[in-house]
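The values are calculated or read from the model by the stated rules, or taken from the named source; none is laboratory data. Treat the numbers as computed from the prediction; the structure is a model and nothing was measured. Counting neighbours? That spans all protein chains shown, and the Cβs are built from the backbone with ideal geometry, glycine included.
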Amino acid sequence: MTYRIAGLDQNAFAPLFALSDDELTARNARRVVAQADRGFPCRISLRDAAAKEELILLHHTSHDVSTPYRSSYAIFVRKDAETAEFIDSLPPVFEGRPIALRGFDSAGMLRDARLAMPGEAEDRILGLFANPDIAYIDAHNAAHGCFAARVERHGVQV
């Protein structure tokens with residue numbers, strides 16, 4: 001089984017960094033500076049921002065489907081981040097964090113879910129993808145509930 005995890009498109013968020021703080025507030029977003037090297041996970045680069053890096057904290061619809069499972073929450077994006085891609089490997093933002101994995105079918109309906117403690121994410125991802133009804137997996141930080149990344153099947157037809 002092969003899978004792909006990609007960060008969000010950097011082009012969708014780059015214009016936010018040119019906005020004033022008042023303009024960001026009007027969009028329910030905030031400019032923040034990372035206070036530590038951990039705890040500010042960028043959803044574009046899929047790594048934590050380093051201390052003193054600039055980010056935007058904003059509301060993001062991660063599961064934009066016409067089902068009861070439509071989902072949105074706050075995320076961080078880093079200034080000048082490049083969109084990351086991981087094939088058959090896990091991004092740094094999964095390391096050391098409990099990750100909630102939600103497996104959806106192609107219609108956006110939840111079919112199964114797993115909790116992955118640190119070091120277990122890949123096994124749980126592969127376990128979910130063993131079910132041919134699972135088209136993709138949305139990963140969330142288990143404690144805070146924020147969207148971490150989408151996991152897609154890669155290089156295989158189901």
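Within the option set Leu46, Leu110, Leu90, Leu101, being surrounded by fewer than 17 Cβ atoms within 10 Å (Cβ to Cβ), at pLDDT 95 or above and under 22 Å from Asp123 (Cα atoms) holds for one residue only, Leu110.
Restricting Asp64, Asp88 to residues that are touching a His at 6+ places or on another chain (Cβ under 9 Å) and under 25 Å from Arg153 (Cβ atoms) narrows the list to Asp88. Just one of (1) part of a strand (DSSP E or B); (2) more than 23 Å from Arg153 (Cβ to Cβ) fails for Pro15. It is (1). Of the strands (runs of 3 or more DSSP E) lying entirely inside segment 64-150, those containing at least 1 residues that are among the aromatic types (Phe, Trp, Tyr) and over 30 Å from Val32 (Cα atoms) span 99-104, 136-141.
Give the residues of segment 4-57 that are of a type in the set (Ser, Thr, Tyr) and over 19 Å from Ala139 (Cβ atoms), sorted by residue number.
Those that are of a type in the set (Ser, Thr, Tyr) and over 19 Å from Ala139 (Cβ atoms): Ser20, Thr25.
The single residue among Gly127, Gly155 that is crowded, with 16+ Cβ neighbours inside 10 Å and farther than 21 Å from His60 by Cβ turns out to be Gly127.
Number of residues in segment 114-158 that are acidic (Asp, Glu) and in contact (Cβ under 8 Å) with a residue 60 or more places away in the chain: the value is 2. Is there a residue in segment 59-76 that is buried (at least 17 other Cβ atoms within 10 Å of the Cβ) and in contact with a helix residue (DSSP H, G or I) (Cβ under 8 Å, 6 or more places away or on another chain)? The answer is no, given that none of the residues of segment 59-76 is buried (at least 17 other Cβ atoms within 10 Å of the Cβ) and in contact with a helix residue (DSSP H, G or I) (Cβ under 8 Å, 6 or more places away or on another chain). Note on segment 111-128: residues that are more than 24 Å from Asp48 (Cα to Cα) and either among the basic types (Lys, Arg) or in contact with a strand residue (DSSP E or B) (Cβ under 6 Å, 6 or more places away or on another chain) (or both) amount to 4. In segment 4-43, the residue that is surrounded by the most Cβ atoms within 10 Å (Cβ to Cβ) out of those that are among the acidic types (Asp, Glu) and in contact (Cβ under 8 Å) with a residue 12 or more places away in the chain is Asp37.
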